[in-house]
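Written out below as structure tokens is the structure these notes cover.
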Amino acid sequence: MTTGDFSALLNPVTVYGTTYPAHLIYDYTTCTGVNQGKECTAYPGNIVTTPPDAVFKASIPDLPQAPADATSPYQNLSQTSLNVTNANMYEIRIDQNIGAKQKINGSYDYDWRPTGYVINGAPLDASSTNQRTHYFRLGYDYILGPNLLNHFNAGFSRRYRQEFSGIGSYGGDWPDKIGLKGVMDTTFPQFSYNYPNGAAMPSNGADQFYDNTYQYDDNVSWQHGRHSFTFGVEARLQQFNIDILTNTSGNFNFGSGQTSTWDANIPGQSNSGFGYASFYLGAASGGGIALPRNSDGE
């Protein structure tokens with residue numbers, strides 16, 4: 001079908017007990033624009049003679065395709081996936097007495113958990129959700145008297161998280177490579193159509209999050225007879241920084257409507273058209289492009 005030959009769709013096809021209806025491909029230029037209201041004309045033999053869209057032509061080598069020896073237009077692609085999560089956690093702690101009245105302690109914890117999702121034959125569809133966290137803690141105790149203790153504590157935590165469903169194509173300047181204009185070169189643009197049915201397609205998620213948390217507290221404990229009193233102060237500061245680039249390379253949907261006929265009197269009208277044929281012609285049914293969002297120190 002990458003050559004415009006959709007003749008395999010002329011008749012119903014049954015695969016593994018599922019019957020798929022026939023699809024007749026129409027030339028949308030014969031009933032739109034200056035031809036609005038006219039009866040749509042089908043491509044003879046379901047062979048699309050209109051040249052393929054330039055973006056389609058440039059994209060096809062990097063998108064999932066049915067094997068060359070496939071005998072059916074449906075259920076003809078096999079894909080396997082692997083989901084891997086690695087947990088890397090380390091901790092260092094120090095406790096030290098300084099004389100009889102002072103004690104200092106500190107700790108550092110590191111947590112790095114990369115998660116990867118890959119599909120054979122679809123390197124651009126790789127997905128990744130990675131999280132790296134640093135924890136710093138410092139404590140200081142000072143005995144002011146036999147019944148008086150001062151405790152100071154300081155902490156800092158930093159979490160960095162990637163939500164990259166489009167990690168496989170991130171930073172590859174793919175829109176520029178395939179000639180797609182008006183979008184950012186963040187990831188491979190997301191194309192949605194129906195062939196091969198259910199195939200994994202490149203996604204366009206590219207978000208990063210940075211969280212910083214600072215905490216300071218100081219308190220004094222006083223033991224007076226049978227009573228215990230604690231006085232203190234606490235301060236917290238939190239920052240949430242984001243870098244949202246998901247969908248900045250765009251998403252484009254290709255339905256059957258752009259290659260179907262509007263005339264309900266024509267037999268098979270309800271099943272006319274085919275999403276992949278619409279993609280071949282560059283006739284999208286919808287889509288969207290997001291603007292990047294960034295915050296620093298909120």
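Readers should treat all values here as calculations from the given coordinates under stated rules, not as data from a laboratory. Note that the coordinates shown come from a computational prediction; the quantities given were computed from them, not determined experimentally. Because the Cβ atoms are built from the backbone with ideal geometry, glycine has one as well, and the counts that use them run over all protein chains shown.
Quick notes
- Listing F240, F229 from fewest to most neighbouring C-beta atoms within 10 Å gives F229, F240.
- Neighbour counting of Cβ atoms within 10 Å sorts the residues L24, L82, fewest neighbours leading, into L82, L24.
- Figure legend: label point modelled 7 angstrom from the Cα of T80 along Cα→Cβ; residues of region 110-124 with amide N under 20 Å from it are 116-124.
- On the basis of the beta-carbon distance and an R0 of 35 Å, T32 and D173 show a calculated FRET efficiency of 0.55.
- Candidate aspartates and glutamates - alpha carbon under 15 Å from K101, same-chain residues fewer than 8 apart omitted: D141
- Placed amide H near D27: partners under 5 Å, 5+ positions off or other chain: T41, A42, Y43
- Here the Karplus curve 6.51 cos²θ - 1.76 cosθ + 1.60, taken at θ = phi - 60°, turns the phi angles of region 39-52 into couplings of 6, 5, 10, 7, 6, x, x, 6, 9, 6, 8, 5, x, x Hz, with x standing for Gly and Pro.
- Spacing of the modelled spin labels on Q239 and I98, each 7 Å from Cα toward Cβ, amounts to 2.8 nm.
- Antiparallel beta bridges, as assigned by DSSP with both residues in region 159-291, represent about 90 percent of the total such bridges.
- Alpha-carbon centroid distance for the pair region 1-66 / region 235-273, whole angstrom: 19 Å
- Two-site label geometry, Y160 and I47: point separation in nm, points 7 Å out along Cα→Cβ: 5.7 nm
- Less than 5 angstrom separates the built amide H of T2 from none of the residues sequence-distant by 5 or more or on a different chain.
- Contour minus Cα-Cα distance for H224 and S295 (0.36 nm per residue): 20.6 nm
- Applying both filters, DSSP loop and at most 13 other Cβ atoms within 10 Å, to the chymotrypsin sites (Phe, Trp or Tyr not before Pro) of region 1-106 gives Y16.
- Arranged from fewest to most other beta-carbon atoms within 10 Å of their beta carbon, L291, L245 become L291, L245.
- Partner aspartates and glutamates for K38 [C-alpha distance under 19 Å; skip if fewer than 8 residues away on the same chain]: D27, D263
- Computed 3J(HN,Hα) for region 223-234, one whole-Hz value per residue from the Karplus formula 6.51 cos²θ - 1.76 cosθ + 1.60 where θ = phi - 60°, is 9, 10, x, 8, 10, 10, 10, 10, 10, x, 9, 9, glycine and proline marked x.
- Separation in nanometres of the label points that stand 7 Å from Cα toward Cβ, at D217 and N150: 1.8 nm
- Proximal aspartates and glutamates to K57, defined as alpha-carbon separation beneath 15 angstrom and excluding residues fewer than eight positions away on the same chain: D5, D176
- Computed FRET value (nearest 0.05) for N271 with E39, which takes r as the C-beta separation and R₀ as 22 Å: 0.80
- Theoretical ellipticity at 222 nm over the chain - DSSP helices of four or more residues, -39500 (n - 2.57) apiece, nearest 500: -1500 deg cm²/dmol
- Of the residues T30, N294, Q258, the one whose Cα sits farthest toward the positive end of the charge dipole of the chain, with +1 on the Cβ of Lys and Arg and -1 on the Cβ of Asp and Glu, is N294.
- Normalised convex hull volume, region 1-150, alpha-carbon set, Å³ per residue: 275 Å³
- Across region 271-287, rounded Karplus estimates of 3J(HN,Hα) from the backbone phi angles (6.51 cos²θ - 1.76 cosθ + 1.60, θ = phi - 60°) give 9, 6, x, 7, x, 5, 5, 5, 5, 4, 8, x, 9, 7, 9, x, x Hz, Gly and Pro being marked x.
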